[in-house]
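For reference, the structure discussed in these notes is given below.
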Amino acid sequence: MNDMTPTREQREAQLQGMGCKRKRVEDIRFTQGKGNYVDDIKLPGMLYGDFVRSSHAHARIKGIDASKALALPGVIAVLTAEELKGLNLAWMPTLAGDMQMVLADGKVLFQNQEVAFVVAEDRYTAADAIELVEVEYEELPVLVDPWKAMAPDAPVLREDIKDKTEGAHGRREHYNHIFKWQVGDRPGTDEAFARADVTIKETFYYHRTHPCPLETCAALASFDKVKGELTLWGTFQAPHVVRTVASLLSKIPESKIHVIAPDIGGGFGNKVGVYPGYVCAIVASIVTGRPVKWVEDRMENLSTTSFARDYHMTTELAATKDGRITAMRVHVLADHGAFDACADPSKWPAGFMNICTGSYDIPVAHLTVDGVYTNKAPGGVAYRCSFRVTEAVYAIERAIEVLAQKLGMDSVDLRMKNFIRREQFPYQSALGWEYDSGDYYMAMQKALDAVGYKELRAEQARKREAFKRGETRELMGIGVSFFTEIVGAGPSKNCDILGVAMFDSCEIRVHPTGSAIARMGTKTQGQGHETTYAQIIATEIGIPADDIMVEEGNTDTAPYGLGTYGSRSTPVAGAAIAMAARKIKAKAQMIAAYLLEVHEDDLEWDVDRFQVKGLPEKFKTMKDIAWVAYNAPPPGMEPGLEAVSYYDPPNMTYPFGAYICVMDIDVDTGVAKTRRFYALDDCGTRINPMIIEGQVHGGLTEAFAVAMGQEIDYDEAGNVKGASFMDFFLPTAVETPYWETDYTVTPSPHHPIGAKGVGESPHVGGVPCFSNAVNDAFAFLGSTHIQMPHDPWRIWKAAERLGLHQ
Amino acid sequence: MIPGQFAYHRPSSIEQAVRLLADLGDEARPLAGGHSLIPMMKLRMAAPEHLIDLGGIADLKGIRDRGASIIIGAMTTQNELIHSDLLAAKLPIIRETSLLIADPQIRYVGTLGGNVANGDPGNDMPALMMCLDAAYHVAGPSGNRTIKARDFYEGAYFTALQEGEIVTSVEIPVPPAGHGYAYEKLKRKIGDYATAAAAVVLSFSGGKVATCAIGLTNVSETPLLAEEAAEILIGTALDPASIAKAVSAAEAITAPASDGRGPADYRTKMAGVMLSRALQRAARRAAA
Ligand SMILES: Cc1cc2nc3c(=O)[nH]c(=O)nc-3n(C[C@H](O)[C@H](O)[C@H](O)COP(=O)(O)OP(=O)(O)OC[C@H]3O[C@@H](n4cnc5c(N)ncnc54)[C@H](O)[C@@H]3O)c2cc1C
């Protein structure tokens, strides 16, 4: 060895593998405006589509007259439900087993619903033409309040299924009922409640909001009549699923459908489902023989494609008088809007709401969820969370606070007393999940120490006294939340989408000169897959991350996968990467053994090479091996160095965390200032600490937005309010608090590299933390629950009700 | 979010602009910074067939010292207001208010003239101009005239401007040295219009309020001049009881809309809170 030979540490550093704060490779193009989004794609002869939308929330359509629009120069076609019926596409299946109108068929069921699709030479002409389409409506009574959906005299919304008593998830009890979903032990729960020393019951409304990605939804369809092939570019979080659905609907073989998701500007669940715009662009391309592009504007995005939440959660806890929780009972009234278009795995009509026992060892529980129709936009997607886990965590973390208040205990002590203990993992929850690993006590303790929790409570006590004496008009709130996520859908035994099992995949090809390409079934929307996936491969097979290309989104080249949402990319596809890489490594070991003339068992792996045990000078690097694999493989061995893995995880992963927020609230204006926010996340093995931190910052910012003001609201006539950035709260850097981040590491025992997923945790844990801080500020005055969003006027109203303005 | 079709004109003098407006009639609209007008056009709530861009008219620019008053050209941007040393010295409340309008990007193009002529009660400058007793110099088909800010606002998007008239400049009397001032604005986030806002300019003499003017933003169809509230304070030491009385008088003239910023009762109360805070801050800044 001479002194030019790199040391082991230098070789390791050069790989930029797992654990390295590697800079995001995709940012080079994003920060220079060199990304390639759907709207950047321009094809010769391309047309533009735009929607005529309903001004009413519920109305019968008496007639549509498109003649004036068709007379406008540049308008090529106007599609209505009548045209789509010819292709059997006036309705389409949703991921939740319902049917949804593509274009209004006889009636409209929510404001801004798609009524007609105008196709024109350019988007300006299309925008002019939609104003010229005359639609005659006959207004119908509007149903906005989900609590009135099942009244005997409620308006009939879905005439297509009004007499159907069996839905996709069992019996329907009313024509506006979608499903009733039950989990757990009802008699056992009832009995525990009957025997309890203390019980609490509160209805927590998790309001309707929207994922609101920076880039809105868009599609570009190009049907080649000669070849009978359809190419579809779109903002798809799950391109392969789109291909399968498109094939099932259009009867075009999957091999002749090319779905391409180029760069995507954020998804957060908004881009999982299939929207009328996609279908109309496809149909319009088939009809006109030209490529057709459709791009949503911001108001269309906020008011029509996939809201999130809208859960009314009546939550009960039973406990002993010294604070041992003995049972939980939850009923959810779920407002799904006009169609059940939730993007959950098909068997889960309320997603993973049954994770609602949270981080606590609750012996028995029972959950019921009733889904109902209302005259609102469809959706119910998982906005930066795994299928309703945000709702579940909100319910339990608010309920814990309310119970602590009733018991006269500090909520942290109550949490500590009821945590699932480290030695209980793998832990079977009362509502049917097997938690993989955790050390909740340690994480909570670390968080308390970091913020100086005891001193904060002492300061709060002093401030409350000063407030009572009239010396200050500010109240201090301390919010705590402890969450357990459930991500990585998922084991095919639990999860499928329309029958497609939720595995994921990776194909790695090592090129002869030692660089590589990995193709994936997932699809990044800003998460940084190109950066982190390469790091996993770098560590597994010793090729520098910079020499590894990661490619996603093209269904012709990528192996089949279920896409990116629910923090599933690292738990599922990340595992597929490791497994594919290990296949390559196994073949490489055979080649190295052949070249070094030793038995495979006499070799050991060292960073980027196989070396003979005890003789580190005798080695073959992966780069050496790659060349040989192609050009001089051992006799009898197939040339090449590549592998594919399809990974069906044995279980979900369960990231967790402890968050603490300190807030100061001006009771005269209702303005809440976040003084401090501390977030400790445990996502198992940490692939890239810098990306984790970025994800935590983003997730917390969205949590702050949702908790403190972001909502999609309706007035009594079903008019959607707040569907523009004037009202929809998207915090800027000015409003966003400073984030303190921290971590513990509890690897997942069943994941090949122990990683659990992190992108959504901060959102899941952040929302209840903010809400708990606001609620905590007022708790000493006897307030048990103040509904979200906690915008200034609602906080002011709460203070008003408590008599603080006299 | 795509406006209807329109033709674009860029005159280089006030006369040309006025003539174009007269010739093209009510299908023509002046365009200043475009940050109120163009969003309305994108929503198709406004669909002018002709835009007369005032951006090429040098005479509409600039801030001039007239001793007892300051004249600001209509096309002066909000950013220029923020960076004027003259205004900082003589009318610091303009800078304070400008900094609370929208965000830096919008302030680079949004103009004072557009802000006061727009007629939206959400704009911050109108109530301030009423508070300062500013006058708008106007040019139109039948010549030039001057309209007091306090007489200008008639309803939401209705002003005293006649068809074809443009605001050419805004003239503001300089308040006495040693005056106290404050603009207090409650908003949900950067770039938001006021939930409620209050402008206060006052002066003291011998420990008592000698002069006081109060403007209120976005709590009625028009910006408001709270005359009675100001009257109540004259001669007082701005003690809590007097402030409370003035606040009640100011609240009484509000009639806000219920919107995403909050229900009407909340916004009325916020007008009161903003006023009370503005009074106290103005008092701290004033010479005794
Ligand atoms: C996101 C956002 C946030 C904002 N927040 C605020 C805020 O907090 N506070 C606030 O005050 N404003 C706010 N604004 C508005 C901004 O200040 C505008 O720039 C201002 O209202 C209008 O000025 P402008 O120069 O852009 O006028 P334009 O939009 O060009 O014109 C506005 C109207 O006035 C007319 N007009 C313009 N100039 C003249 C003239 N010289 N004579 C006669 N008529 C004329 C136009 O025809 C039009 O009807 C916001 C705007 C945006 C987009």
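Computed values, structure above
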{"item": "Cut-off 15 Å between beta-carbons: net charge of the residues surrounding A:ALA90, Lys and Arg +1, Asp and Glu -1", "result": "-4"}
{"item": "Mean accessible surface per residue for region B:60-173, computed with a 1.4 Å probe while every protein chain stays in place, in Å²", "result": "38"}
{"item": "Global size of region B:7-53 as Cα Rg and Dmax, reported in angstrom", "result": "10.5, 31"}
{"item": "The protein assembly as shown - charge dipole about Cα centre, Lys and Arg +1 at Cβ, Asp and Glu -1, debye rounded to 20", "result": "1400"}
{"item": "Percent antiparallel among DSSP beta bridges (both partners in chain B, rounded to 5)", "result": "85"}
{"item": "Förster-model FRET efficiency, 60 Å R0, A:LEU804 and A:TYR37, C-beta, rounded to 0.05", "result": "0.80"}
{"item": "Ranked order, A:TRP147, A:TRP796 - accessible area, probe 1.4 Å, largest first", "result": "A:TRP147, A:TRP796"}
{"item": "Euclidean distance between Cα centres, region B:5-47 to region B:84-129, Å", "result": "21"}
{"item": "Dipole of chain A [Lys/Arg +1, Asp/Glu -1 at C-beta], most positive-end residue of A:LEU407, A:ASN112, A:TYR394", "result": "A:LEU407"}
{"item": "Surface accessible to a 1.4 Å probe, A:LYS618 within the full protein complex, Å²", "result": "90"}
{"item": "Leading residue at positive end of dipole, the protein assembly as shown (Cβ point charges), from B:PRO121, A:TRP433, A:GLY45", "result": "A:TRP433"}
{"item": "Region A:583-729 - percent of accessible surface contributed by carbon and sulfur, probe 1.4 Å", "result": "53"}
{"item": "Tilt relative to chain B, helix B:240-252 - C-alpha long axis, 0 to 90 degrees, to 10", "result": "30"}
{"item": "Probe 1.4 Å, all protein chains present, accessible-area order of A:HIS785, A:HIS58, largest first", "result": "A:HIS785, A:HIS58"}
{"item": "Spin-label pair A:LYS673/A:LYS201, simplified geometry with 7 Å Cα→Cβ offset, distance in nm", "result": "4.1"}
{"item": "On Cα atoms only, tilt of B:14-24 relative to the major axis of chain B in degrees", "result": "70"}
{"item": "Complex-versus-alone comparison for region B:159-191, residues with a loss of 20 Å² or more in accessible area, probe 1.4 Å", "result": "B:LEU186, B:ARG188, B:LYS189, B:ILE190"}
{"item": "Area buried, chain A against chain B - accessible surface, total, 1.4 angstrom probe, square angstrom", "result": "1900"}
{"item": "Helical segments meeting 18 Å axial Cα length and Kyte-Doolittle -0.5 threshold in chain A (DSSP H)", "result": "A:389-407, A:575-596, A:689-708, A:761-779"}
{"item": "CD proxy at 222 nm, helix term only [per DSSP H run n ≥ 4: -39500 (n - 2.57); per residue of the protein assembly as shown; nearest 500]", "result": "-8500 deg cm²/dmol"}
{"item": "Rounded FRET efficiency, nearest 0.05, which uses the C-beta distance separating A:ARG60 from B:ASP26 and R0 of 60 Å", "result": "0.95"}
{"item": "Shape call, region A:103-160: gyration tensor on alpha carbons, a/c limit 1.5", "result": "prolate"}
{"item": "Three-way shape call for region B:181-283 based on the alpha-carbon gyration tensor, with the a/c threshold at 1.5", "result": "prolate"}
{"item": "With every protein chain in place, region B:181-283: carbon and sulfur % of accessible area (1.4 Å)", "result": "53"}
{"item": "Surface accessible to a 1.4 Å probe, per residue, for the residues of region A:417-486, Å²", "result": "45"}
{"item": "P(r) histogram, all alpha-carbon pairs of region B:72-126 included - 5 Å bins from 0, percent", "result": "4, 23, 33, 28, 10, 2"}
{"item": "Highest average packing first - A:320-333, B:25-38, Cβ atoms within 10 Å", "result": "A:320-333, B:25-38"}
{"item": "Given charges at Cβ of Lys, Arg, Asp, Glu: region B:7-53 dipole, positive-most of B:ALA22, B:ILE52, B:MET41", "result": "B:MET41"}
{"item": "Burial of 40 Å² or greater, region B:37-64 residues [accessible area, probe 1.4 Å, versus chain by itself]", "result": "B:ARG44"}
{"item": "Dipole moment magnitude, nearest 20 debye, region A:305-347 about Cα centre, only Lys, Arg, Asp, Glu C-beta charged", "result": "260"}
{"item": "Links that overshoot a 20 Å alpha carbon limit, given the list A:LYS585/A:LYS756; A:LYS225/A:LYS256; A:LYS201/A:LYS406; A:LYS406/A:LYS468; B:LYS185/B:LYS269", "result": "A:LYS585/A:LYS756; A:LYS406/A:LYS468"}
{"item": "Flagged links, alpha-carbon separation over 29 Å, of A:LYS417/A:LYS454; A:LYS62/A:LYS164; A:LYS293/B:LYS189", "result": "A:LYS293/B:LYS189"}
{"item": "For chain A, share of DSSP beta bridges that run antiparallel, in % to the nearest 5", "result": "80"}
{"item": "Rounded Å value of the spacing that divides the Cα centres of region A:79-131 and region A:478-500", "result": "33"}
{"item": "Fluctuation leader among B:ALA135, B:ALA68, B:ALA230 - chain B, Gaussian network, Cα springs under 10 angstrom", "result": "B:ALA68"}
{"item": "Accessible surface of region B:7-53 [probe 1.4 Å, protein heavy atoms]: carbon and sulfur percent", "result": "51"}
{"item": "The protein assembly as shown - convex hull of the alpha-carbon atoms, volume per residue in Å³", "result": "208"}
{"item": "Span from the region A:303-340 Cα centroid across to the region A:637-669 one, whole angstrom", "result": "23"}
{"item": "Whole-Å semi-axes of region B:102-215's equivalent ellipsoid (Cα gyration tensor)", "result": "25, 20, 12"}
{"item": "Estimated dipole of region A:474-536 in Debye, rounded to 20 [Cβ of Lys and Arg +1, of Asp and Glu -1, Cα centre]", "result": "300"}
{"item": "Principal axis box of region A:155-224, alpha-carbon based, largest edge first, Å", "result": "68, 39, 28"}
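The values are calculated or read from the model by the stated rules, or taken from the named source; none is laboratory data. Remember, predicted model here, so these are calculated numbers, not experimental data. Cβ coordinates were reconstructed from backbone atoms using ideal geometry, including for glycine residues, and neighbour counts include every protein chain displayed. Surface areas here come from the heavy atoms of the whole protein model, side chains and all, with no ligands, DNA or RNA. Shrake-Rupley method; radii C 1.70, N 1.55, O 1.52, S 1.80 Å.
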